[in-house]
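The next block holds one structure in the form of structure tokens; read it before the comments.
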Amino acid sequence: MLQYLIILLDDTSTSYCHYENPKKDAGLIPLNILKAGIRFGMVENLMIQFVYPDYELPGEYKEAIESIDHSKIVSSLCNDKSLADEADVIVFHDWSGISYAMTFPDKSYVLRTTKAKLFERYLFLKEFLSKVARLNIVITDIETFDDGDYEQYKLILHTLSENIEKMYVDGLAPQLNLLTDRIMLKEMNNCGAGDTNITLAPNGKFYICHAFYIENEDDCIGDVKRGLDIKNKQLYKLKYSPICSHCDAYQCKRCVWLNRKTTLEVNTPSHEQCVVAHLERNSSCELLKSIRKHGKFLPETEIQEIDYLDPFDKRKEW
Amino acid sequence: MEKEAIKKNDTGWKNGMAKNITFIVTKDCQLACKYCYLVGKNEKERMSWEVAKMAIDYILDQEDDMQEESVVWDFIGGEPFLEIELIDKICDYLKIEMFQRNHHWFNSYRFSFSTNGINYDSEKVQEFIRKNRDHLSIGITIDGTEVKHDLNRIYKVTGKGSYKSVVRNIPLWLEQFPYGGTKVTISSPDIPYIKESVLHLYSLGIKEININVVFENVWKEGDDKLFEEQLMSLADAIIDEGYYKDYACSFYSENIGKPLDPILENTNWCGAGRMLAVDANGIFYPCTRFAQYSLRDKKAWTIGNVNDGIDKNRLRPFLVLDRLSQSKQECIDCEIASGCAWCQGENYDAAESNTIFQRSTAICKMHKARVRANNYYWNKLYRKLELEGQREEYEKNKKEVKQEIC
Ligand code: SF4
Ligand code: SF4
Ligand code: SF4
């Protein structure tokens with residue numbers, strides 16, 4: 001069921017996920033479209049998330065935005081410094097930012113990184129994790145993982161898991177999507193683009209997510225005037241994904257944009273996406289066991305040992 | 001009492017479980033059949049030997065990923081026999097390579113052709129047949145009576161019907177392949193000719209007729225009624241005149257028209273993705289229907305090429321596709337769903353978005369009509385066998401019938 005409306009305030013709104021936003025020329029959403037989008041969210045009972053560009057918005061935009069309950073997604077590089085305080089999610093696009101930025105203990109952060117940078121700099125994360133409410137790491141080149149990368153990723157997750165274990169022992173409760181989400185979840189909690197959320201672009205059209213807008217502006221799913229028209233919308237639901245519906249890597253983003261890019265179908269993930277998510281899942285299982293060595297912890301939760309990294313390989317048993 | 005066997009359609013070599021690898025050797029054909037789904041036929045795209053060799057080398061290198069016990073090397077076009085010299089070279093190379101590599105397909109392979117039959121008797125085609133006799137299956141397409149055949153199967157240049165050029169080769173073909181079958185495709189204008197066409201093909205000595213209605217959305221108001229009447233009248237002829245003993249027609253099958261179990265009977269209908277097709281440019285497709293020349297409204301669905309190999313991620317949707325994930329609730333709950341076929345390529349072509357997960361149901365009313373006529377056929381046949389004391393014998397020798405759709 002649709003729950004969220006993501007509104008891109010500008011063509012240069014920050015990427016907060018797997019895709020890059022190469023658009024450099026500002027293209028502010030017309031005020032009437034912004035207001036129509038907000039109205040759409042209100043009548044459809046959707047929670048609105050605004051995605052900001054790096055420059056300060058005009059006063060009437062701020063006013064319109066504040067007319068509704070919402071959350072703000074802002075880049076760490078945004079020039080409107082007052083937003084750093086107001087933002088609900090702050091996005092880092094590089095690692096230098098994460099080392100020097102002023103952090104707020106109650107905020108969620110997103111770190112977009114290539115695998116190479118993650119493999120090189122993951123040790124920086126320990127300190128950062130202890131200072132913030134939550135960190136989501138988004139790897140921007142998952143589709144390029146190979147066997148060597150999987151090995152390295154596994155080792156890195158293991159080290160991070162040891163760090164988190166120590167933090168728990170010290171009485172902290174760090175949240176790192178790659179390792180702690182699976183422990184907390186009882187069912188799939190994926191990105192939900194096209195199912196639980198849709199995106200409104202500055203051109204007044206709806207898209208499955210920001211990435212679909214960047215890739216092809218014609219690939220829209222309706223507009224603010226006529227409403228939504230998602231072709232084959234069932235395919236964005238878990239039930240209609242033969243692989244994901246047989247999976248318990250509940251923390252996986254199940255990125256429908258990456259799915260389409262790699263397999264041509266929004267409901268079918270690539271091998272790489274599945275293996276990466278299963279390495280995280282299995283490391284979460286290890287982490288859970290390690291924390292439990294220090295005392296009772298989430299006694300209801302159980303993550304089974306499994307012998308595969310890609311549910312596709314088990315399809316004969318479905 | 002004399003034993004009577006009932007002729008059933010061949011279930012396909014190795015029960016359809018062989019890997020099917022198709023070479024689209026040419027996109028040219030002498031004919032321009034009106035129902036031909038190949039919308040982009042042309043004379044330019046002919047496969048070169050270099051491309052064919054690269055494709056073979058790549059495919060045979062992938063032995064670990066192609067574990068099927070047997071292989072059918074399929075040659076299609078356009079008209080494949082227009083490229084008989086290339087095909088001969090490909091087949092020689094395949095035999096040598098499979099042998100030299102000690103490939104598990106050596107001695108478990110077939111070369112398969114679906115031809116319009118026009119140059120079947122040419123010296124080169126005949127020489128090829130002599131050379132590969134034990135590993136061949138050749139189907140000649142003939143649509144029925146002269147009128148019915150020439151309604152659709154006309155020469156590209158003259159616009160004249162091709163019946164006479166084909167039928168003259170039928171005796172030679174049947175001499176070489178006594179169990180040769182023919183595929184008949186029914187579109188809206190063909191419906192009134194179904195009965196006489198099938199009986200005509202029987203009269204030519206063709207014992208096996210694999211007949212299908214097209215999957216495209218071509219059906220007019222009342223077509224289903226007419227179709228049902230034709231099938232019932234054909235059923236009368238087959239039963240009354242005893243054709244059922246030696247001849248088969250795939251329209252009638254005991255397995256169709258039943259509900260399907262959502263868990264146990266959830267498999268996909270067609271083998272796209274388990275098959276592999278390669279075209280003149282060395283591009284790989286999940287089946288030929290995904291090549292650009294077969295598609296009306298969509299872009300080609302490629303899965304790789306002879307230089308870079310197959311992108312396994314692009315095969316994943318095909319290998320996990322099941323009935324439920326692509327069907328509407330109406331089809332999932334349908335009381336007569338078994339035998340209601342679909343073609344993945346047509347599904348893709350007709351889908352509202354770029355997906356293979358939206359089943360086209362243009363065939364719905366025709367399947368319903370077929371099921372009614374099929375029920376009539378079996379009720380009538382069983383009653384006759386009962387009265388003649390043959391039923392028990394028949395039940396004992398029952399075989400599965402598999403409808404071939406492509
Ligand atoms: S589909 Fe979801 S996970 Fe993928 S890029 Fe878009 S928002 Fe991110
Ligand atoms: S790991 Fe693979 S199968 Fe599981 S939810 Fe993620 S994408 Fe889907
Ligand atoms: S297309 Fe029609 S006949 Fe076929 S399964 Fe669906 S509802 Fe039944």
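Out of every Cα pair in the range A:107-160, what percent are spaced more than 19 Å from each other? Of all Cα-Cα distances in the range A:107-160, 27 percent exceed 19 Å.
Within the shell of other residues whose beta carbon sits under 14 angstrom from the beta carbon of B:R168, the net charge comes to -2, with Lys and Arg scored +1 and Asp and Glu -1.
Averaged over the residues of A:223-233, the number of partner chain Cβ atoms lying within 10 Å of the residue Cβ comes to 2. Would you mind classifying the range A:78-188 by shape? Square roots of the alpha carbon gyration tensor eigenvalues, ordered a ≥ b ≥ c; an a/c under 1.5 is rounded, otherwise it is prolate if a/b is larger than b/c and oblate if not. Since a/c reaches 1.5 but b/c is at least a/b, the shape of the range A:78-188 is classed as oblate.
Please report the projected area of the range B:239-317's Cα convex hull averaged over all directions, in nm².
For the Cα atoms of the range B:239-317, the hull's average projected area reads 9.4 nm².
For B:R168, the amide hydrogen comes within under 5 Å of no other amide hydrogen, counting only partners 5 or more places away or on other chains and with H modelled in the peptide plane. Annotation for B:R133 and B:Q100: the two label points, set 7 Å from Cα along the Cα-Cβ direction, are 2.8 nm apart. Listed by Cβ neighbour count within 10 Å, with the fewest neighbours leading, A:L309, A:L178 appear as A:L309, A:L178.
Listing A:D85, A:D307 from the residue with the fewest other Cβ atoms within 10 Å to the one with the most, what is the order?
A:D307, A:D85
Scattering from the C-alpha atoms of the range B:13-397 alone, worked out with Debye: what is log10 I(q)/I(0) at q = 0.10 1/Å? Summing over Cα pairs of the range B:13-397 leads to -0.70.
With both labels modelled 7 Å from their Cα along Cα-to-Cβ, the B:N379 to A:E66 distance reads 7.7 nm. If R0 is 22 Å, the Cβ-Cβ spacing of B:D57 and B:K299 corresponds to a FRET efficiency of close to 0.20.
For the pair A:Q234 and A:W318, a Förster radius of 22 Å applied to the C-beta separation gives a FRET efficiency near 0.70, rounded to the nearest 0.05.
Principal-axis analysis of the Cα atoms of chain B puts helix B:194-203 at an angle of about 80° to the longest axis. The calculated P(r) of the range A:4-189, using every Cα pair and 10 Å bins from 0, goes 8, 32, 33, 19, 7, 0 in percent. Placing dummy labels 7 Å off each Cα toward the beta-carbon, the span from B:Q329 to B:L387 is 4.6 nm. With a cut-off of 13 Å between beta carbons, the residues surrounding A:V256 carry a summed charge of +2, where Lys and Arg count +1 and Asp and Glu -1.
Over the protein assembly as shown, the hull volume per residue, using the convex hull of the C-alpha atoms, is 197 Å³. Between B:G304 and B:F284, B:D311, the built amide H atoms are under 5 Å apart, and every one of these is 5 or more places off in sequence or on another chain. Rounded to the nearest 0.05, the FRET efficiency derived from the C-beta distance between A:Q3 and B:K220 at R0 = 56 Å is 0.80. Between the alpha-carbon centers of the range A:92-169 and the range B:100-166, tell me the distance in whole angstrom. Each part reduced to its Cα centre gives a spacing of 62 Å. Taking 26 Å as the limit for the C-alpha separation, the pairs A:K24/A:K205; B:K225/B:K245; A:K107/A:K233; A:K253/B:K19; A:K253/A:K314 exceed it in the case of B:K225/B:K245; A:K107/A:K233; A:K253/B:K19. B:F177 label point, 7 Å along Cα→Cβ, cut-off 13 Å on backbone N: hits in the range B:71-89? Output list for this probe position: B:73-76, B:80-81. Sites count as exposed loop sites when they are GluC sites (Glu not before Pro), lie in a DSSP loop, and have at most 16 other Cβ atoms within 10 angstrom; the longest stretch of chain A without one is A:57-186.
The mean sequence separation of alpha-carbon pairs under 8 Å and at least six residues apart, normalised by the residue count of the range A:1-129, gives a relative contact order of 21 percent.
When only Cα pairs below 8 angstrom with a gap of at least 6 residues are kept, chain A shows a relative contact order of 17 percent.
Taking amide H as placed 1.01 Å from N in the peptide plane, A:S71 has its amide H under 5 Å from the amide H of A:I48, A:Q49, A:F50, each at least 5 places away in sequence or on another chain. Counted over all Cα-Cα pairs of chain A, pairs farther apart than 37 Å make up 16 percent.
Out of the GluC sites (Glu not before Pro) in the range B:229-315, which ones are loop residues according to DSSP with at most 14 other C-beta atoms within 10 Å?
B:E241, B:E265
Residues B:M17, A:M1, B:M275, A:M167, ranked from the fewest to the most other C-beta atoms within 10 Å, line up as A:M1, B:M17, A:M167, B:M275.
Only the coordinates and a few stated rules stand behind these numbers; no lab work does. What you are looking at is a predicted structure, and each value in this text was computed from that prediction instead of being measured. Glycine also receives a Cβ, built like all others from the backbone with ideal geometry; neighbour counts cover every protein chain displayed.
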